[in-house]
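The values are calculated or read from the model by the stated rules, or taken from the named source; none is laboratory data. Small disclaimer: the values here were computed from a predicted structure and weren't measured. Neighbour counts run over all protein chains shown; Cβ positions are idealised from the backbone, glycine included. Remember, those area values only see protein heavy atoms, side chains included, never the ligands or the DNA or RNA. Shrake-Rupley method; radii C 1.70, N 1.55, O 1.52, S 1.80 Å.
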Amino acid sequence: QVQLVESGGGLVQAGDSLRLSCAASGRTFSRYAMGWFRQAPGKEREFVAGVGWGGESTYYGTSVKGRFTISRDNAKNTVYLHLNNLIPEDTAVYYCAADPRNVVATMPQLWPYWGQGTQVTVSS
């Protein structure tokens, strides 16, 4: 099993940047695919980005491609999400997820492990 703790959310203005972090427990972090999802009030949980075991394979949701970047540091058991050029539509709770398979799925129900989430609010 793995426990996930997100941090780095906050209130920012449109055009600003943020870096979210997700710290994972356990000694086998490098053997988990990692993902970021977000959920806005009244909306379904949405795939944002994912990264495979080694960090070379990255995937992005259509609405964030070109603005967000996912990366991982296996030595620190941490995955990051760099959010650039934020817009109000990016306002949501951002969740980190982990999967011991080297598979990045866009459907949230396929990810077995989740963090508690961190709020990102973008004002116009």
| message | Using just the Cα positions, wrap the stretch 12-59 in a convex hull and report its mean projected area in square nanometres, one decimal place. | response | 4.9
| said: Let me check I've understood the local charge: for E6, count other residues with C-beta under 12 angstrom from its C-beta, Lys and Arg +1, Asp and Glu -1. What total comes out? | reply: +2
| field | Dipole magnitude (debye, nearest 20) for the chain, charges at Cβ of Lys, Arg, Asp, Glu | value | 280
| task | Give the accessible surface of the chain per residue, rounded to a whole number of Å², with probe radius 1.4 Å and ligands, DNA and RNA excluded. | result | 51
| task | Provide the net charge surrounding F29, with neighbours chosen by a C-beta distance below 13 Å and charges set as Lys +1, Arg +1, Asp -1, Glu -1. | result | +2
| field | Enclosed volume per residue, in Å³, of the convex hull spanned by Cα atoms of the chain | value | 89
| To the nearest 20 debye, what charge dipole does the stretch 25-85 have about its Cα centre, counting +1 at the Cβ of each Lys and Arg and -1 at the Cβ of each Asp and Glu? | 100
| query | For the stretch 1-121, what % of the accessible area comes from carbon and sulfur atoms, probe 1.4 Å? | reply | 49
| remark: Among A24, A105, A75, the residue with the largest mean-square fluctuation in a Gaussian network model of the chain built from Cα contacts under 10 Å is A75
| query | Quick one: if you take sqrt(5λ) for each eigenvalue of the C-alpha gyration tensor of the stretch 72-123, what semi-axes come out, biggest first, whole angstrom? | reply | 23, 15, 10
| Comparing S21, S30, S57, which has the greatest mean-square fluctuation in the GNM of the chain with Cα pairs linked when under 10 Å apart? | S57
| request: Give the range of the longest stretch in the chain that excludes all GluC sites (Glu not before Pro) found in loop regions by DSSP and having at most 13 other beta-carbon atoms within 10 Å. | output: 57-124
